[in-house]
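Written out below as structure tokens is the structure these notes cover.
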Amino acid sequence: MKNSEQASESQVGAGEMLREAREKAGLGIAEIAARLHINQAYLEAIETQQYAKIASPTFVKGYLRAYAKAVELDPDAVVKAYVRVSDPLPEWRAHAGIQLETPDTRRQMIWIAVSGVALIVLLVGLFWWLGRDATPRGAVSENEILERVAPVAQPAVLQAALETTNVAMSDQPEVDLPPKAATTAAPQQTAEPEAEGPETFPTESDSTQASPPSQHENHAVPQEPSTPAPASVANGPDAIKLSLKADSWIDIRDANDQKLLHGLYRTGATRELKGTAPFQVFLGNAPAVQVEFNGKPFDASKFVKDNKTARFALIRP
Amino acid sequence: MLRSLFGMFSNDLSIDLGTANTLIYMRGKGIVLDEPSVVSIRMDRGPGGPRSIEAVGSSAKQMLGRTPENIVAIRPLKDGVIADFTTTEKMLQYFIRKVHRSSLLRPSPRVLVCVPCGATQVERRAIRESAAGAGARKVYLIEEPMAAAIGAGIPIDAAVGSMVLDIGGGTSEVAVMSLNGIVYSDSVRIGGDRFDEAIINYIRRNYGILIGEATAERIKHEIGSAYPGKDLLEIEVRGRNLSEGVPRTFTINSNEVLESLQESLYGIVSAVKSALERTPPELASDIADRGIVLTGGGALLRDLDKLISEETGIHVMVADDPLTCVVRGGGRILEMIDERGPEFLATE
């Protein structure tokens, strides 16, 4: 009986339910308002179901529960009846101020920002890719500059260099050493940007005095047949002599970018080349290769990188 | 910008790091975790030796008061603030991991943690660092009553005063808010824990029987009330008789529980009264017109609303689902941070 009564009650609004119960109990609205400490206007609004007069659904539910308890109704049933009629989601804004942007424009702005960032990332990537290509090109142009500078060498010095080469070939370096030191020290200075002082000249000439005999012992060792012979040995005024203490890859090109030496050479091998300076030299195992340029030992140790390779140009004065 | 892109894939968390329970709300998923803030630690080689976490959450709570010598079950938060920094961090870490699996596409979440408004700068920093240490990408702190009001659905953005009383496990916070700001707030270190302690003390004094915390909590939940009701409720409990030293069963009724809670309840009522005294008159009249909203687990104590209402002469109502008000409010604030930026937060 009671259940069916409640079911029929739940069909009617919460306010009506409460009013009926209050009248049945013979209570006045002012009496209940005083007992519950609720503003009488709010209770009247509830009874007439004008919930908009109350600030928030939270308060409406609170009043409904209290009212239901006061007139001995089930608070949950009353609240349920209210929720069925209207339960707007509680509104809460971060700012009570005026909203200048509509959410749509905000969303658009977010998309614009996202696509802008994507574009920037793409451009940066592109520049990086191009920049990576450009670096080796820059290195090549340096070599080109060296090549362009080299042919300006004076013919007189060139003649002297030729003489010294001949002297070196004839295994008598002691005779002409002082002039040779003077001539060969100069090209090294131009080849190496970090020019060394003139006081180092004597030590270099000392080393030339000491080293040639040993080199000539090496020279007697027969060359291995497996080493690839240079495709065409260009004839020229300048001479390079290489002797290997260990296996090394060697690549030497002359002024016309012609390959004088290209391939892997074995321990103990020696090579003599003639061509036109400047020479572009690449040594795969630089510490193991002794280089003589126009009869004068060339110190390649400054060009040796961490991986033992060395790349340098040999330029006559 | 990249962060906000990452944010699309990660789920933000709102954490109510309470003395009694920790709740986590995940945006778009609702409340994903509700566990007691208890950690049990295994110390096999004595107190100075290596420590390892044995259990966290409800499984650890079952161990409270029932552990052997090499395991201790502790509550790392006391009075709403961190009492044991490392353990809190471990607990948070466990909870966050449980609800948020980090991966390449789902980086660590942004976390909003609710702090008691009475928390000092040092305590706030401890909470912030615990959350950061537990793997949060960004930590926001918000004062609990603010989150509670938003979670309860009170329109605090209007230029109208609202009062919220949030009774947690360790603290009770009373705050008056208007225009999204806190006008007055106070925090008293009285909460559910204090109620339990009061019940334990009362039973020891009057019955000479010692009961545990879990039993006291059960008494409070089942027959605890704040205002003398019409019907008398009774509960049968077991405890250790102090003089005989053996377990005894006895019965306690709701009036006795009410008597034991008097002192703690008076503390909360006087906090509300002094808050009303110090509230600017315009806001006080708004509060008198609309009423006070109760949130937090303490709001579930029977007739607490009636007690405060009788004491202050203002209507008091309990919010819907008072236990989760704070964490739901935190979740709503996280949404607002996304829409508006974090500037409107009272505590950064």
Can you return the lysines within cross-link range of B:LYS273? Criterion is Cα-Cα under 19 Å, with same-chain partners fewer than 8 residues away left out. B:LYS306
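Roughly how crowded by other chains is peptide A:33-43, in terms of the mean Cβ count from those chains within 10 Å of each of its Cβ atoms?
The per-residue average across the peptide is 3.
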Along the Cα-to-C-beta direction of A:ALA246, a point sits 7 Å from the Cα; which residues of the stretch A:295-314 have their amide N less than 15 Å from that point? A:301, A:304-310
Do you know the relative contact order of the stretch B:17-96, to the nearest whole percent, from alpha carbon pairs under 8 angstrom that are 6+ apart? 27 percent
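Taking 0.36 nm per intervening residue step and subtracting the Cα-Cα distance, what contour gain separates B:ASN70 from B:VAL122 on full extension? List each step's numbers first, then the result.
Numbers: separation 52, 0.36 × 52 = 18.72 nm, distance 3.17 nm.
So the chain would gain 15.6 nm between B:ASN70 and B:VAL122.
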Which Cα, out of B:VAL316, B:LEU294, B:ALA198, lies furthest along the positive dipole direction of the stretch B:195-348 (beta carbon charges, K/R +1, D/E -1)? B:ALA198
Measuring from label point to label point, each 7 Å out along Cα→Cβ, what is the B:ASP321 to B:SER270 span in nm? 3.6 nm
Using a Gaussian network model of chain B whose springs link C-alpha atoms within less than 10 Å, name the residue from B:GLU89, B:GLU234, B:GLU144 with the highest mean-square fluctuation. B:GLU234
With all protein chains present, chain B has a carbon and sulfur share of its accessible area (1.4 Å probe) in percent of 49 percent
Hey, with R₀ at 30 Å, roughly what FRET efficiency would B:GLN262 and A:ALA41 work out to, going by the Cβ-Cβ distance, to 0.05? 0.25
With springs only between Cα atoms under 10 Å, which of B:PRO145, B:PRO280, B:PRO68 fluctuates most in a Gaussian network model of chain B? B:PRO68
Those trypsin sites (Lys or Arg not before Pro) from the stretch B:103-152 that are DSSP loop and have at most 16 other Cβ neighbours within 10 Å turn out to be B:ARG137
Under 25 °C and 0.890 mPa s, how fast does chain B diffuse according to Stokes-Einstein, given a Kirkwood radius computed over C-alpha pairs? Answer in µm²/s, whole number. 116 µm²/s
Centre separation in Å (Cα based) which lies between the stretch A:267-291 and the stretch B:126-174: 79 Å
At a Förster distance of 25 Å, what's the computed FRET efficiency of B:ASP338 paired with A:LEU122, Cβ-Cβ distance as r, to 0.05? 0.40
What's the average, rounded to a whole number, of partner chain beta-carbon atoms within 10 Å of each residue's beta-carbon in B:122-130? 0
Under a GNM of chain B (C-alpha, springs under 10 Å), which listed residue has the highest mean-square fluctuation: B:THR251, B:THR67, B:THR87? B:THR251
If a/c stays under 1.5 just call it rounded; otherwise compare a/b with b/c (prolate if a/b is bigger, oblate if not). Do that for the stretch B:120-239, with a ≥ b ≥ c from the square roots of the Cα gyration tensor eigenvalues. oblate
Please give, to one decimal in nm, the separation of the simple spin-label points placed at A:ALA52 and A:ARG266, each 7 Å out from Cα toward the Cβ. 10.4 nm
Does the stretch B:44-146 come out rounded, prolate or oblate by the C-alpha gyration tensor, with a ≥ b ≥ c the root eigenvalues, rounded set by a/c under 1.5 and, if not, prolate when a/b is larger than b/c and oblate if not? oblate
So which GluC sites (Glu not before Pro) in the stretch B:285-338 end up in coil per DSSP with only 11 or fewer other C-beta atoms within 10 Å? none
Residue-span extension gain [B:ASP34 to B:ASN255] - 0.36 nm each, minus C-alpha spacing: 76.4 nm
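On average, how many beta carbons from a partner chain sit within 10 Å of the beta carbon of a residue in B:313-319? Present the calculation step by step, with values, prior to reporting the outcome.
Values: counts 1, 2, 10, 4, 11, 4, 3.
Mean number of neighbouring Cβ atoms from other chains: 5.
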Interchain or sequence-distant (5+) residues whose placed amide H lies within less than 5 Å of the amide H of B:ALA83 are B:LEU77, B:LYS78
Give the lysines whose C-alpha is closer than 25 Å to that of B:LYS61, dropping any in the same chain fewer than 8 places away, or say none. B:LYS78, B:LYS90, B:LYS98, B:LYS220
Say each of A:VAL12 and B:SER58 gets a label point 7 Å from the Cα, pointing the same way as Cα to Cβ; how far apart are those two points in nm? 4.3 nm
Apply the a/c threshold of 1.5 to the C-alpha gyration tensor of the stretch B:176-309 and tell me whether it is rounded, prolate or oblate. prolate
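The values are calculated or read from the model by the stated rules, or taken from the named source; none is laboratory data. From a predicted model like this one, the values you see are computed outputs, not experimental measurements. Every residue, glycine among them, receives a Cβ derived from its backbone with ideal geometry; neighbour counts consider all protein chains shown. For accessibility, only protein heavy atoms count, side chains too; no ligands or nucleic acids. Shrake-Rupley method; radii C 1.70, N 1.55, O 1.52, S 1.80 Å.
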